[in-house]
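Inspection log for the structure reproduced underneath, given as structure tokens.
Any read-out appearing in this document is the output of simple, stated calculations on the displayed coordinates, not a laboratory observation. For clarity, every value in this text was computed on a predicted model and none was experimentally measured. Here the Cβ positions follow ideal geometry from the backbone for every residue, glycine too, while neighbour counts run over all protein chains shown.
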Amino acid sequence: MGIVASDDMAVTTAQSDASAETGRERAGEPPPGERSRRLRRLLSSITTRLLVSYVVLLLVATAGILVSVRQVLLYRLDEEIESQMRQEVREFRNLVRGNDPTTGQRFGDDLRAIFDVFFARNIPLESELLVAVLEDQVYLARRSAGAEYPLEQRADLIDLWSSLSVPEQGEVETPDGPARYLAVPVFFGERRKGTFVVAAFPAAERAEIGDAIAIALAVSGGVLVVALLIGWRLARHVLGPVRLLARTARSITESDLTGRIAIEGNDEVSELAERFNEMLDRLEAAFRTQRDFIDDASHELRTPITVVRGHLELLEDDPEQRAQTIALVTDELDRMARIVNDLLDLAKAQHPDFLDLEVVDVEALTLDVAQKAKALGRRAWRLEAGRSGRIVADRQRLTQALLQLAQNAVNHTTEGQTVRIGWDVAEGTARVWVTDEGPGIPPEDRGRIFNRFARAGRTSHDGSAGAGLGLPIVRAIAEAHHGRVGLQSAPGEGATFTLILPVDQPIPAADAGAP
């Protein structure tokens, strides 16, 4: 019973977990593991790292600017306060050395009179306190707004100021903030008569600086938020093609290589998208070539393989029958070998190393091909000479293409008919042609005879038909040279196939910027 109860409990728990999972799926909530993966992906994304770096940089720059501005303002405030206190001292000393403005006579050693005149004529600046100490007692004190604290009532300061023999500058703490003072003793002869004191309370000015920094901090915070939003939008815009590139790469499979990235703008990311699309074009061409090769091979080799297998299965002991079967099998194997070689040529035509370029003399090439073509059949071979010249091309590939055209002409003419081979080089273009006097090519076949395994309506003079790969190979060789194959034909008037090639091969894009 205990085991049964345990199993029931396990089933109930599993059902509860499944129900909870189903409930989360219905609510649109991702599973817990997926949420953590999304969070890790978000934190490790380039967008997040860029924004974090951007924000940290702005925070450091803003903090550095605000701290620097605050220190500069406080330094200038201290300089201004010190300058004002020294100015008050200079005015007092000028008065001590001068005359009484009411009598025009010198003050002499009457410090009381000097203090009376100075305090009557001078108004303290903002947050400034003027104190006159006479015979160890405060004789006069005058203050402005912001200097309400009675600094002159502190006995310790009065005792200090009264005992000075040289000027002294200092700072004391008060309930209204720090107070700075400059105390100057007054001597007449060797006798000290009193002390003149200027004190300043910079708390209000420092508070104004703090308020200004707070406002700047608030404004900087707003600017930081706006900059963060702009940076986020900019990062999304800049990295959008990269994300699209990733999605496109994930969507590409061997069976579907059609996905491409829409290119907008002319920046580095757009160039990356363009290069990615070019890579996909090359991959698609490579896979298409592979599929075509497999399809063509399976399509064209299936029949000869079937023929060979059938005859081998029916092979008898009769020597004559055996010889006929071996001859037939050998012929089919030779045909399969030709088909395979032709398919390999077509497949290799898509590779960048398909051509081995060199400087080729067109006249010499054509004469060499015409000499070799005579072995293909008893025809009236004629040369049509044009202007000579040299081109950059693969001599062997061009020979292969021209001999294929010559073989095609032989296949569709009879003994004694004329086959003409000619050349001409002019205006940066080379033309080499093969003309036959065969039955010509029907108009409906001219657009498809260059396709693989396509055969025109005309047949060879002996009634046989090729595999339909010769003209596609010729076209592949011409296109590999950045040229084309021209065709002129009319029913009953023969056909002219022309290789039209540029004299110079264009520089590949990958090498265009090389020194």
What list of ³J(HN,Hα) couplings, whole Hz, do you get for the stretch 485-499 from phi and the Karplus terms 6.51, -1.76, 1.60, once you set θ to phi - 60° and write x for glycine and proline?
-> 10, x, 9, 10, 7, 9, x, x, 10, x, 8, 10, 9, 10, 7
With R₀ set to 22 angstrom, the calculated FRET efficiency between the beta-carbons of residue 94 and residue 190, to the nearest 0.05, is 0.45
Once amide hydrogens are built 1.01 Å from N within the peptide plane, the residues lying 5 or more places from residue 107 or on another chain with amide H under 5 Å from its amide H are 100
Could you give the length gained on full extension between residue 145 and residue 388, defined as 0.36 nm per residue of separation minus the Cα-Cα distance, in nm?
-> 76.8 nm
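If r is the Cβ-Cβ distance from residue 174 to residue 109 and R0 is 41 Å, what FRET efficiency results, to the nearest 0.05? It would help to have the intermediate numbers written out before the result.
Values: r = 34 Å, r/R0 = 0.83.
My answer for the efficiency is 0.75.
Quick one: length gained pulling residue 321 to residue 155 fully straight, 0.36 nm per residue minus the C-alpha distance? Mind dumping the intermediate values first?
Details: separation 166, 0.36 × 166 = 59.76 nm, distance 14.30 nm.
That works out to 45.5 nm of additional length.
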Starting from the Cα of residue 66, move 7 Å in the Cα-to-Cβ direction to define the label point; list residues of the stretch 193-223 whose amide nitrogen is under 17 Å from there.
-> 207-223
Which cross-chain or sequence-distant (5 or more) residues have an amide H under 5 Å from the amide H of residue 469, H modelled 1.01 Å from N in plane?
-> 453
Take every Cα pair under 8 Å in the stretch 88-204 that's 6+ residues apart, average their separations, divide by the length, and report that relative contact order as a whole percent.
-> 24
If one computes the Cα centroid of the stretch 66-97 and of the stretch 351-384, what distance in Å separates the two points?
-> 101
Any idea how far apart residue 49 and residue 407 come out in nm if each label point goes 7 Å out from Cα toward Cβ?
-> 5.7
Roughly what would the spin-label model give for residue 76 and residue 378, points 7 Å off Cα along C-beta, in nm?
-> 11.2
